[in-house]
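Peer 1: Pasting in a structure now, in structure tokens, and then I'll have a few things to ask.
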Amino acid sequence: MSEELFKRLPAIDKWLNSEIGTTLIAEFSRNEVSEVMRQHLIEVRDGIDNGLDELPDFYSPQYAALIRVDILRRRLPSFCKVINATGIIIHTNLGRAPLAEEAIEAISRVARGYSNLEMDLSSGQRGSRYRHVESLLCQLTGSEAALVVNNCAAAVILSLSTLAAHREVIVSRGELVEIGGSFRIPDIIKKSECRMVEVGTTNKTRISDYASALSSDSRVLLSVHPSNYKIIGFSEKATSRELADLSHQNELIFMQDLGSGTLVDMCASDSIAEQSVKKSIADGADIVTFSGDKLLGGPQSGIILGRSTLIDAIKNNPLLRGFRIDKLSLAALVATLRLYIPPNNPAERVPVLRMINEDVRIIDRRARNLLRQLKKIPGLSGSVVSDVSYGGGGVLPMTEIPTKVLHIEFANLGAGQLARILRESDPPLVARVNKGKLIIDPRTILSEDTNDVVRAFRQIVR
């Protein structure tokens, strides 16, 4: 039976030259139609191998419509807006921090035409793109100078390669972290042409461990934010003040990579604690690096703060041009930083901070309002239960933020299948699945996306 079915499959060239094939080619292109048809034939062959006992009518209008839908689906842009219902606030796979309206407007203004990106309008001469943001960063953090590049990894590499090439960088064994995308501190130090000196143990590194490792070749004491884990219990680490004092007593550089970086005190709950950028500068850090698209709530960028002599040296590094920030990200970053200047309240204006600080009682009301709308959909049932949200993206590691979530069930659909269908809605909705339950966390759903959430579930019925 299967051999007979294989013999009845149409030759691709014959099918393309048929009436249905030529009609589709006239609407699209020969390459597009051919590629989709070849894929269809592969799937049909696999189906025959797995017991398929009847072939579709390859020359029918219904089959032409199927090919047409697949071609149109392939033409859809792969990069699109997504609704984040996971409760993971800074979700790296979903683009990290959503931007404030002011940042979006700033991008639009700059993108629509030309800008004074690198022109001093007073003199008419060439200027620096970094001047648009440096004074703002210094004002907000107390730093002497500042520089912005395209991400935090670039900020670390640029700083180390400038300040400690062919010299020793001393770092705790408890901070030799790996974060997403195989970004490893030992590899970054090596790529920066520095020699890494490990001190202490995984769980305990005292200031005396750093002091014992000093040599005539030492150049930088490096402190790295743990990002995505915590060492708790029998543990100890040197403070930024201790590291700064030891560095300055020995004419070394204390560099602190804060990773997520926050310009405000994180006070959403007693369990949330994150050292602020301002404190690192006040404690005496010579160089501080952090991301712009995490707790800051801005676009992808890497921020370098510190002593003016060191920042000037980094600005002269030839690698800077390869790492420089683009005009759209710069516009969004400037607009975001302005939201931290009084009388603005960044906890209300910056989406990431608003989500972290949103009261669980408000989340509960939002959850119940959403559930009331969803229960109008035939076959859907659900409940509101207590759960936790997470910072995500290497932010607030292991910190649980109390929240309220929806547990959703849909007739004849398992949670995994339901999650997949929702990811294919327009716009895609990304939810969590845990213990056989589909979980929707309103904390990370923007208010303007609520109607699209309901629409996504209604599409399942259709």
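None of the figures in this text is laboratory data; all of them are computed from the coordinates on show. Everything numeric here is computed off the predicted structure, so don't read it as measured data. Cβ: placed from backbone, ideal geometry, glycine included. Neighbour counts: every protein chain shown.
Peer 1: Given the convex hull over the Cα atoms of the chain, what projected area results after averaging over all orientations, in nm²?
Peer 2: Numbers: hull surface 118.6 nm².
The Cα convex hull of the chain, projected and averaged over all directions, gives 29.7 nm².
Peer 1: What's the angle, to the nearest 10 degrees (0 to 90), between helix 30-49's Cα axis and the longest principal axis of the chain?
Peer 2: On a 0 to 90 degree scale, this one is about 80.
Peer 1: Under 1.5 on a/c is rounded, so check that first for region 254-412, then, if it is not, pick prolate when a/b is larger than b/c and oblate when it is not; a ≥ b ≥ c are the square roots of the alpha carbon gyration tensor eigenvalues.
Peer 2: Working: a/c = 2.75, a/b = 2.23, b/c = 1.23.
Taking the square roots of the gyration eigenvalues as a ≥ b ≥ c, region 254-412 is prolate.
Peer 1: How large is the helix-only mean residue ellipticity at 222 nm for the chain, computed as the sum of -39500 (n - 2.57) over DSSP H runs with n ≥ 4, divided by its residue count, in deg cm²/dmol to the nearest 500? Please report the intermediate quantities before stating the final value.
Peer 2: Numbers: 20 runs with 192 residues, N = 462.
That calculation yields -12000 deg cm²/dmol at 222 nm.
Peer 1: Also: Determine one quarter of the surface area of the Cα convex hull of region 193-336, which equals its mean projected area, and express it in nm² to one decimal.
Peer 2: Numbers: hull surface 40.8 nm².
Average projection, Cα convex hull of region 193-336: 10.2 nm².
Peer 1: Something else now. Quick one: what Rg and Dmax do you get for region 172-215 from the alpha carbons, in Å?
Peer 2: 11.6, 33
Peer 1: Across 10 Å bins from the origin, how do the percents of Cα pairs in region 101-349 run, short distances first?
Peer 2: 7, 31, 35, 19, 6, 1, 0
Peer 1: Suppose we keep just the alpha-carbon trace of region 276-341; what are its Rg and Dmax in angstrom?
Peer 2: For region 276-341, the Cα-based Rg and Dmax read 12.7, 33 Å.
Peer 1: Over the alpha-carbon set of region 2-75, work out the extent along each principal axis and list the three values in angstrom, largest first.
Peer 2: The Cα atoms of region 2-75 stretch 34, 23, 20 Å along their principal axes.
Peer 1: Rounded to whole Å and sorted largest first, what semi-axes of the equivalent ellipsoid does the C-alpha gyration tensor of region 410-462 yield via the square root of 5 times each eigenvalue?
Peer 2: Working: eigenvalues 61, 40, 14 Å².
Each semi-axis is the square root of five times an eigenvalue, giving 17, 14, 8 Å.
Peer 1: With both partners inside the chain, how many of the DSSP beta bridges are antiparallel, as a percent to the nearest 5? List each step's numbers first, then the result.
Peer 2: Values: 34 of 57 bridges.
Taking every DSSP beta bridge with both residues in the chain, the antiparallel ones total about 60 percent.
Peer 1: What is the helix-to-structure angle for 131-141, meaning the angle in degrees between its Cα long axis and the longest Cα principal axis of the chain, kept from 0 to 90 and rounded to the nearest 10?
Peer 2: Between the helix axis and the principal axis of the chain, the angle is about 70 degrees.
Peer 1: Could you state the number of Å between the C-alpha centres of region 52-108 and region 167-214?
Peer 2: 42
Peer 1: Same structure, new question: Compute the helix-to-body angle for 327-338: its Cα long axis versus the longest principal axis of the chain, expressed 0 to 90° and rounded to tens.
Peer 2: With both axes taken from Cα atoms, the answer is about 60 degrees.
Peer 1: Where does each of 289-296, 215-222 land if you order them by average Cβ count within 10 Å, highest first? Could you put the intermediate results ahead of the total?
Peer 2: Values: 289-296: 28.2, 215-222: 18.6.
The packing order, highest mean first, is 289-296, 215-222.
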